[in-house]
Amino acid sequence: MAAIRERKREERIQALRSQAGLLLSHFDGCSLWLFGSLARGDWDAFSDVDVLAVGRDRGCADVLIDWPIRFSPAGWRMT
C-alpha cells in the first residue's frame, strides 16, 4: 500500500511540475513552491494542493493568481 501511495504522490507532483514548467517558461522571475501535506507525503483523499506563487512584479503575480483555474489534472477536483 505504501508503494502505491508513493507512486500516486510522485504522479501528482510530476503533473504539477509539468504544468508549472509550461507556465513559468513564459515568465522570468516567477516561481511556484509546493508545500503542505502533498509535499511532506502525509496527504490523504481530502487533501488539497498547496502552492505558493512568487513573482517579482505585478504582471507575474496577475498570471500566477489565475493558474489554478487553468490547471486540473485528470481525476483532480478543483474547488
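The values are calculated or read from the model by the stated rules, or taken from the named source; none is laboratory data. Treat the numbers as computed from the prediction; the structure is a model and nothing was measured. Positions of Cβ are generated from backbone atoms using ideal geometry, with glycine treated the same way; all protein chains shown enter the neighbour counts.
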Inset, instruction - Could you run through segment 38-79 and say how many residues are touching an Asp or Glu at 6+ places or on another chain (Cβ under 9 Å), at pLDDT 80 or above, outside any helix (DSSP H, G or I) and within 30 Å of Ala2 (Cβ to Cβ)? - result: 1
Inset, instruction - Being under 17 Å from Ala45 (Cβ atoms) and aliphatic (A, V, I, L, M) is the filter; apply it to segment 1-14 and report the residue that is farthest from the chain's Cα centre (by Cα). - result: Met1
Inset, instruction - Read through the list (1) surrounded by 14 or more Cβ atoms within 10 Å (Cβ to Cβ); (2) touching an Asp or Glu at 6+ places or on another chain (Cβ under 7 Å), then give the number of the only condition that Phe27 fails. - result: (2)
Inset, instruction - Please enumerate the residues belonging to segment 15-37 that are modelled with pLDDT under 90 and part of a helix (DSSP H, G or I). - result: Ala15, Leu16, Arg17, Ser18, Gln19, Ala20, Gly21, Leu22, Leu23, Leu24
Legend entry - Neighbours by Cβ (under 6 Å, 6+ apart or cross-chain): first from segment 40-57, surrounded by 11 or more Cβ atoms within 10 Å (Cβ to Cβ); second assigned to a loop (DSSP other than H, G, I, E, B): Asp50/Gly36; Arg56/Gly29
